[in-house]
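Input: a single structure, listed below in structure tokens.
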Amino acid sequence: MTNRRVVVTGLGVVSCVGTGVPDFWRAVCEGRSGIRPLTRFDTSDFRFTYGGEAQGFQADAGGPDLATQFMLTAAEEAVGGLEVGELNPSRAGVALATNFGAADACEKFLAQTVSVKSVEPGVFQALGMENDTDAVRRALSAVGGFEGPCTLLSLACASGNSAIGYALDAIRLGRADVMLAGGYDAISRYVWSLLSAFGIIVSDKEKPNLVRPFDKNRKGTIFSEGAGALLLEELGHAQQRGARIYAEVLGHAMNNNAHHMTHADPGGRGTALVMRMAAQDAGVSPDEIDHINSHATGTPVGDPLEVAAIKSFLGPRASRVPVNAIKSTIGHLMGAAGAAEAVASVMSIVDGIIPPTANYETPDPACDLDCVPNVARQQRVNVVLSNSAGIGGANSAVIFRRFG
Amino acid sequence: MAIKAMVTGLGVVTPIGVGPDDFWPALSQGVSGVDERQGFEVSGLKARKAAQVLGYDVNRFLASRKSFLDRNSELAFGAARQALDSARLQVSETNAERVGLSTGAAYGNLDTMRTFYGKVLEKGPKLAPPILAPHTFTNTTNSLLAIEYGIRGFNANFCSGMTAGLSAIAYAADAIALGRADAILAGGVESLSEPLFRGCAACGLLATDGEVEEDSRPFDRRRNGFILGEASGFVVLESAKSAGSRGVERHAAVIGIGMAAGIERAMRMALTDAGVSPQAVGAVFASANSSRDLDAAEARAILAVFGREPVPVCAVKSMLGESYGASSAVAFVSAVLALKHRLVPPTVNYEQGDADCELPGLSAEPQPLAKPVVLVNTIDPGGACVSVLLNSEL
């Protein structure tokens with residue numbers, strides 16, 4: 001229905017292994033875990049006290065909510081290559097996605113409404129997730145304005161990819177020529193109390209406290225925070241302004257397992273389907289996919305299901321396709337996970353390096369893929385698929401291809 | 001004029017009617033859903049009223065009883081079930097991957113979030129109630145709908161404030177046009193809860209007694225804030241091919257979508273997208289919710305796009321209040337019903353024009369709908385706007 005091609009012309013990231021793509025990418029390739037004891041709030045009454053707090057990030061105490069600041073920082077990095085005057089403001093938009101939005105405001109608001117105390121107007125104002133889209137839109141106006149389509153999606157921990165997919169469609173459909181797509185989330189006491197209720201986090205007793213995707217002794221995931229941003233652009237628009245093109249966005253898909261809010265989806269059926277849907281949207285056959293950046297979070301139940309789904313999707317080639325899990329280094333960034341992993345997926349194409357699944361010691365027959373254990377691999381990547389999944393059965397996938 | 005998707009199913013849960021057959025007579029006759037607030041008392045607030053859905057039983061719409069449901073999900077189940085039934089859409093193993101779901105809610109399950117966090121504060125995080133945790137996510141309602149009906153295809157969930165519902169419907173129409181699904185259950189929902197009411201009140205967003213009694217008065221000179229409402233509105237959107245092969249009634253088609261920061265630009269984009277002129281539009285379903293600034297901005301935008309031509313304008317929030325993620329989805333359903341009945345609903349309480357919002361096509365009485373094309377607007381105070389164009393002459 002549309003022939004408009006969409007490319008990535010900017011990247012930005014905030015994570016527990018570094019802020020800014022160079023630091024992030026170096027740490028991810030070296031497989032250095034950013035998981036540490038949490039310092040943001042008093043964890044003495046929590047069962048799980050390790051997490052990935054953003055590093056290399058200077059919070060502005062007088063600024064907006066921390067989560068919003070993460071998104072702003074990543075977005076500003078992603079538009080760094082734009083010159084003033086290169087954008088037609090009405091043809092540029094913003095699509096964001098998050099799991100919890102302004103986590104600090106949310107926590108304050110809930111505490112204020114639990115008590116009979118009055119609610120602070122600024123706190124309720126910040127709670128509205130759509131205000132983050134507006135904050136990003138306004139912050140980016142320095143490079144010429146983003147006055148086109150602006151929206152915010154939420155698909156739990158599958159959120160990040162949904163913003164990229166939405167932005168891709170907006171450009172394909174001719175609603176915009178340029179879209180800033182991003183995912184973001186921050187750790188707060190409320191967020192931590194909620195995530196702790198699901199029984200999927202590595203126990204504090206495990207030493208060292210690490211995420212070990214695909215490892216036989218994996219004990220769960222560890223949550224972290226940050227943001228990822230991608231500047232998407234219509235190919236002709238990017239070429240006309242002489243932009244650096246990192247990769248082409250070929251396609252995306254989102255679905256739901258439609259099985260159970262918290263139970264495992266038998267056989268990884270929904271994940272297999274979302275990959276097939278994305279490949280169809282991208283117009284590629286599974287045979288053309290030469291790397292998968294997996295969702296794998298390190299939970300005993302989840303990882304083998306994604307492995308089964310990948311086997312079903314790739315067929316006999318599955319054992320020869322490198323499938324890494326960078327949550328082993330960056331932790332699980334919640335609604336930002338897909339966006340940060342998309343940044344890594346694009347960088348794999350750019351640099352020809354597949355980052356490792358770190359902390360890997362003991363093979364598990366139920367996860368017998370080539371998980372790029374512990375050491376980054378130099379390998380040309382032409383087509384990469386990045387997977388995400390979230391509570392409630394949400395799945396999303398995006399596919400990038402080398403350009404030129 | 002390209003058809004993006006057909007509307008083949010409709011469902012609503014609103015303060016003035018559950019189901020299109022109850023809702024439309026009330027809406028077209030100007031029945032207001034605004035009344036004294038019930039269910040919770042908060043001292044020290046000037047705003048007393050709300051537009052609530054009373055006497056609603058979700059079990060009418062569920063195959064089996066649930067151990068726990070947030071009110072947001074309860075309201076969604078009613079409208080979603082109606083939409084699927086009226087489209088005669090059965091989701092089965094054969095079509096589950098080609099049926100999609102697209103939903104919107106601004107604050108969604110805020111009340112359950114508060115209940116959950118109240119327990120955390122009271123008993124400590126180690127004793128946080130695990131049964132509530134999965135019901136606190138912004139996409140909880142979306143997941144529950146997918147599970148209830150077995151919808152395994154395309155899925156999206158928006159929490160873009162007051163635009164969430166129409167954003168979900170617009171993206172569903174695009175997804176159909178892009179071939180991502182054959183049919184999509186799409187809509188928006190918002191439940192009214194004590195925390196939401198208190199938040200809106202704290203920000204001075206709500207109507208209060210002034211020159212006249214507290215009420216929803218879109219575009220009226222005496223408007224001083226909105227009445228908080230709750231509702232859900234869902235539709236089934238379907239490709240022309242799928243609707244044709246199933247032989248179901250096609251109520252209207254989505255022919256244009258505009259999204260931008262600013263409602264004037266969004267309306268122009270929708271018209272350009274559809275390739276129709278402003279003169280072809282029979283009515284505008286305004287986003288106006290009785291706020292001072294937003295109503296005035298929308299009125300200026302409508303005048304800028306339509307000139308002094310008196311295009312009929314209505315603000316259904318005059319009867320339904322502002323139900324955030326639901327309001328624009330309910331306005332979309334209202335617009336489809338208006339096309340069916342060839343009648344523009346009244347804007348109740350519109351008595352005194354305002355120099356800031358002079359719209360010649362605005363009326364406190366129902367107006368005939370002379371042309372088969374209507375525009376549905378939604379504006380979020382944060383700046384995001386969506387405008388969708390519908391056509392019933394298929």
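Under the simplified labelling scheme, the A:ASP23-B:GLU249 pair shows an inter-label distance of 6.2 nm, with each label point 7 Å from Cα along Cα→Cβ. Hey, how many Å between the Cα centroid of region B:205-235 and the Cα centroid of region B:139-174? Centre-to-centre (Cα) distance: 27 Å. Could you work out how far apart the two model spin labels at A:ARG380 and A:PHE41 are, taking each label as a point 7 Å from the Cα in the direction of the beta carbon, and quote it in nm? Between A:ARG380 and A:PHE41, the simple spin-label model gives 5.0 nm. Every helix of 4 or more DSSP H residues in the protein assembly as shown counts as -39500 (n - 2.57), and over all residues that averages to -9500 deg cm²/dmol at 222 nm. At q = 0.11, 0.26 Å⁻¹, work out log10 I(q)/I(0) for region B:248-332 with the Debye formula, treating every Cα as an identical point scatterer and leaving solvent out; two decimals please. With no solvent term, the Cα-only Debye profile gives -0.31, -1.52.
Of interest is the spacing of the C-alpha centroids, which for region B:245-266 and region A:1-51 amounts to 38 Å.
Normalised by 2.2 N^0.38 Å, where N counts its residues, the alpha-carbon radius of gyration of region A:1-126 equals 1.34.
Under a Gaussian network description of chain B, with springs only between Cα atoms under 10 Å, the residue in B:CYS314, B:CYS200, B:CYS357 that fluctuates furthest is B:CYS200.
Taking amide hydrogens as placed 1.01 Å from N in the peptide plane, the amide H of B:GLY9 sits under 5 Å from those of B:VAL236, each at least 5 positions away in sequence or on another chain. You can think of it this way: the chain between B:SER67 and B:LYS241 has 58.7 nm of extra reach, that is 0.36 nm per residue less the Cα-Cα gap. At q = 0.09, 0.10, 0.11 Å⁻¹ the log10 of I(q)/I(0) for the protein assembly as shown amounts to -0.75, -0.94, -1.15, computed by Debye summation with a single uniform scatterer per C-alpha, solvent ignored.
The phi-based Karplus calculation (6.51 cos²θ - 1.76 cosθ + 1.60; θ = phi - 60°) puts the 3J(HN,Hα) values of region A:54-68 at 4, 10, x, 10, 9, 6, 8, 4, x, x, x, 3, 3, 4, 5 Hz, whole numbers, x for Gly and Pro.
In region B:8-156, taking the dipole from charged Cβ atoms about the Cα centre, the farthest positive-side position among B:VAL42, B:PRO129, B:THR8 is held by B:PRO129.
Simple spin-label estimate for B:VAL42 and B:THR208 gives 1.3 nm between the two label positions (7 Å along the Cα-to-Cβ direction from each Cα). Projected onto their three principal axes, the Cα atoms of region B:1-148 cover extents of 55, 42, 34 Å, largest first.
Jot down the per residue volume, in cubic angstrom and as a whole number, of the convex hull over the alpha-carbon atoms of region A:7-401.
Per-residue hull volume (Cα only) is 125 Å³.
For a paramagnetic label modelled at 7 Å from the Cα of B:GLU194 toward its Cβ, which residues of region A:78-120 fall within the zone defined by backbone nitrogen distances under 11 Å? Backbone N within reach: A:113-117. Amide H contacts under 5 Å for A:GLY352: A:VAL381, restricted to partners 5 or more places along the chain or on a different chain, H placed in the peptide plane at 1.01 Å from N. Applied to region A:107-112, the Karplus parametrisation 6.51 cos²θ - 1.76 cosθ + 1.60 on θ = phi - 60° returns per-residue 3J(HN,Hα) values of 5, 5, 4, 4, 4, 5 Hz, with x for Gly and Pro.
With the contact rule set at Cα under 8 Å and sequence spacing of 6 or more, what percent relative contact order holds for region A:7-401?
24
Using the Karplus relation 6.51 cos²θ - 1.76 cosθ + 1.60 with θ = phi - 60°, the per-residue 3J(HN,Hα) values for region B:374-385 come to 10, 10, 10, 10, 9, 10, 9, x, x, x, 6, 9 Hz, with x marking Gly and Pro. One way to sum up the overall shape of chain B is the equivalent ellipsoid from its Cα gyration tensor, whose semi-axes run 30, 28, 17 Å, largest first. In terms of its alpha-carbon gyration tensor, region B:272-320 comes out prolate; a/c meets the 1.5 threshold, and the first ratio a/b outweighs b/c.
Around the amide H of B:LEU362, modelled in the peptide plane, lie the amide H atoms of B:VAL313, all under 5 Å away and 5 or more residues distant in sequence or on another chain.
Peptide B:108-117 has a mean of 4 when you count, residue by residue, the C-beta atoms of other protein chains within 10 Å of its C-beta.
Fully extending the segment from A:ALA142 to A:GLU288, taken as 0.36 nm per residue of separation minus the present Cα-Cα distance, adds 48.6 nm.
Protection proxy ranking for B:64-74, B:258-268, using the average of other Cβ atoms within 10 Å per residue and placing the highest first: B:258-268, B:64-74. For region B:316-385, what is Rg from Cα atoms divided by 2.2 N^0.38 Å, rounded to two decimals? Against the empirical 2.2 N^0.38 Å value, I get 1.16 for region B:316-385.
Just so you know, all these numbers are worked out from the coordinates, no wet-lab data involved. Please read all numbers here as calculations on a predicted model, not as lab measurements. Glycine also receives a Cβ, built like all others from the backbone with ideal geometry; neighbour counts cover every protein chain displayed.
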